[in-house]
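One structure is given here, and the rest of the page talks about it.
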Amino acid sequence: MFEIKSQISKIKVDAESLIRSCENKNEIEQLRVRFLGKKGVVTALYKNLKDITPEQRPEVGDLINTLKDEVARELDCKQSFFLRESLRSRLVEEELDVTLPGKPVTLGRIHPITKVLQRVIDIFQALGFSVAEGPEIEKEYYNFDALNIPSHHPARDMQDTFFIDVGTLLRTHTSPVQIRVMENRKPPVRVIAPGRVYRNEAINARSYCLFHQVEGFYVDKHVTFADLKGILGHFSREMFGAKTAIRIRPSYFPFTEPSLECDVSCFLCSAKGCRVCKYTGWLEILGAGMIHPAVLKAGGFDPDEVQGYAFGMGIERTALLLYGINDIRLFFENDMRFLSQF
Ligand code: PHE
């Protein structure tokens, strides 16, 4: 009896000092096993109960129970201390320092060509034109024949063509969309057709093997050259400023008759003459004309019933002028130093 009592108090003292000097959670677990586990020191005491007289058993049993509870409480207490410690250090680690400078977020930008294209589209959409698109890989028929350019016609040389195979090519202009739209619609049609075109040209600061065009055309009863002239003036003022004047020069395209080229007064020097307008005060911006009867016919329209005008402009050229850029290749190189300026 005396022996077991002193064993109990010794275990208590041992446990307390060992728990106190514990340095981490693992050590606590080891002690828990050592004292309270199945083969633990405290558990073993219960086995010794059988050597005690039945009268004394309840008292000793109580003492062991109390010891067990005390050791468990001490262990829990130390364990929660370690838990709080680790939480605190995590908090310190994860603390948000609101005084740190933020990481810059880089936003994408709209490509300058897309911007100019969108402006052109907006101007014509406001006038009731709808947007149509055609394929970049195009049939020779739509790119040439239907546009009144038969094979062997010298006009085929006006646009150096990338052929894919016999009868198929990369479209050299957006004019084939005229035919594709007419085939599927009835007049009146008022359409704007933006897109990429390809030409097998020497690459330099002025020309590239691909570029963008916007084609516009209007077919209806009684469409006249005056309508064309009116729309070109309106577009030019919207695009280049209210004071912009236009100049119309006779030209030649197989798919329009009469054909014209349209210049706008140089908005860089207010038409006084500068390097960009080559001291003429004028900038050439587009080709246009009254749609040739043969083209209306190819599209399935009756040229005795309806007339139309069409125009086509290069977007890169317009963007070069608007942004004061001197090399068309910059638009296709995707150099961030260039693109991030827009
Ligand atoms: N398709 C012509 C070109 O690429 C431009 C144009 C379009 C001219 C429509 C007149 C009418 O040069």
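If you filter the stretch 213-264 down to residues that are buried (at least 21 other Cβ atoms within 10 Å of the Cβ) and polar (S, T, N, Q), you find that the one that is farthest from ILE123 (Cα to Cα) is THR256. You will find that of ASP165, ASP220, the residue that is away from the ligand (no atom under 12 Å from the Cβ), more than 24 Å from GLU316 (Cα to Cα) and touching a residue at least 60 places away in the same chain (Cβ under 8 Å) is ASP220 and no other. One residue stands out in the stretch 291-307 among those that are buried (at least 22 other Cβ atoms within 10 Å of the Cβ) and within 15 Å of HIS222 (Cβ to Cβ): the one that is nearest to the ligand (Cβ to nearest atom), namely ILE291.
Just to be sure, is GLY273 in contact with a Cys (Cβ under 9 Å, 6 or more places away or on another chain), in the same structural domain as ALA226 (by TED's automatic domain parsing) and surrounded by fewer than 21 Cβ atoms within 10 Å (Cβ to Cβ)? Criteria met by GLY273. Residue pairs whose Cβ atoms lie under 7 Å apart, sitting 6 or more positions apart in sequence or on different chains, and linking a residue in the stretch 169-196 that is of a type in the set (D, E, K, R) to a partner that is surrounded by fewer than 21 Cβ atoms within 10 Å (Cβ to Cβ), are ARG171/GLU136; ARG180/GLY134; GLU183/GLY300; ARG190/GLY128; ARG190/PHE129; ARG190/SER130; ARG196/GLU136; ARG196/LEU210. The numbered conditions (1) touching a Lys or Arg at 6+ places or on another chain (Cβ under 8 Å); (2) more than 18 Å from GLU136 (Cβ to Cβ); (3) in contact (Cβ under 8 Å) with a residue 40 or more places away in the chain are all true for THR244 except (3). Against the conditions (1) part of a loop (DSSP other than H, G, I, E, B); (2) surrounded by 12 or more Cβ atoms within 10 Å (Cβ to Cβ), VAL120 satisfies every one except (1). Apart from one condition, ARG337 fits all of (1) assigned to a helix (DSSP H, G or I); (2) more than 16 Å from the ligand (Cβ to nearest atom); (3) touching a helix residue (DSSP H, G or I) at 6+ places or on another chain (Cβ under 8 Å); the exception is (3). Taking the stretch 61-97 as the range and being farther than 16 Å from PHE35 by Cα and among the polar types (S, T, N, Q) as the test, the residues that pass are SER80, SER86, SER89. Screening VAL276, VAL306 for residues that are at negative phi and in contact with a His (Cβ under 9 Å, 6 or more places away or on another chain) leaves exactly one candidate, VAL306.
Being surrounded by fewer than 20 Cβ atoms within 10 Å (Cβ to Cβ) and within 11 Å of the ligand (Cβ to nearest atom) is a property that GLN159 has.
Output the residues belonging to the stretch 134-156 that are surrounded by fewer than 13 Cβ atoms within 10 Å (Cβ to Cβ) and not hydrophobic (A, V, I, L, M, F, W, C).
From the stretch 134-156, those surrounded by fewer than 13 Cβ atoms within 10 Å (Cβ to Cβ) are 137, 150-152, 154; that's our starting set.
Result: PRO150, SER151, HIS152, PRO154.
The values are calculated or read from the model by the stated rules, or taken from the named source; none is laboratory data. This structure is a prediction, so every number in the text was calculated from the model and none was measured. Reconstructed Cβ throughout: ideal geometry from the backbone, glycine too, with neighbour counts over all protein chains shown.
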